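Reading through the structure tokens given below for one structure.
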Amino acid sequence: MFDLDSEARERLILWIKRRMDEYGITLEVLESSIAESERLPKYRDAYGNSWNGEGDMPSWLLRYKHAGQDIEHFRC
């Protein structure tokens, strides 16, 4: 994360609020979008296996990892 001083943080918050107003984004829409993105798969292989990154790593991804493959190769 970035370490912002309080003035920079306030300016950033104001900028975000203005952009949200400009594009008609409400907090509810933002929260919904974040929740949806957390359910989307973060990793996928060519066979259609996918994992959202929560819980234990699935066996299909563990096999790749144990074979020396960097799991970031499968990041969506």
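Read-outs throughout are calculated quantities, based only on the coordinates presented, and are distinct from any laboratory measurement. Note that the coordinates shown come from a computational prediction; the quantities given were computed from them, not determined experimentally. So basically every Cβ, Gly included, is an ideal-geometry build from the backbone, and we count neighbours across all protein chains shown.
Report the calculated FRET efficiency for Ser33 and Arg9 (r = Cβ-Cβ distance, R0 = 30 Å), to the nearest 0.05. Intermediate results must be reported in sequence, preceding the final value.
Details: r = 22 Å, r/R0 = 0.74.
Calculated transfer efficiency: 0.85.
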List, in order, the whole-Hz ³J(HN,Hα) value for each residue of segment 56-63 obtained from phi through the Karplus relation with A = 6.51, B = -1.76, C = 1.60 and θ = phi - 60°; use x for Gly and Pro. 5, 5, x, 4, 4, 7, 4, 4
The chain, helix-only ellipticity at 222 nm - DSSP H runs n ≥ 4, -39,500 (n - 2.57), divided by all residues, nearest 500: -16500 deg cm²/dmol
Kindly write out, for segment 65-76 in residue order, the coupling ³J(HN,Hα) from the Karplus curve 6.51 cos²θ - 1.76 cosθ + 1.60 (θ = phi - 60°), rounded to whole Hz, with x marking Gly and Pro. 4, 5, 7, x, 7, 6, 5, 5, 4, 9, 5, 7
Dipole size in debye (nearest 20) for the chain around its Cα centre, Lys and Arg Cβ +1, Asp and Glu Cβ -1? 300 debye
Hand me the GluC sites (Glu not before Pro) from segment 35-76 located in a DSSP loop with no more than 14 other Cβ atoms within 10 Å, in residue order please. Glu54
Give me log10 I(q)/I(0) at q = 0.19, 0.28 Å⁻¹ for the chain, Debye formula, one equal scatterer per alpha-carbon, no solvent. -0.84, -1.24
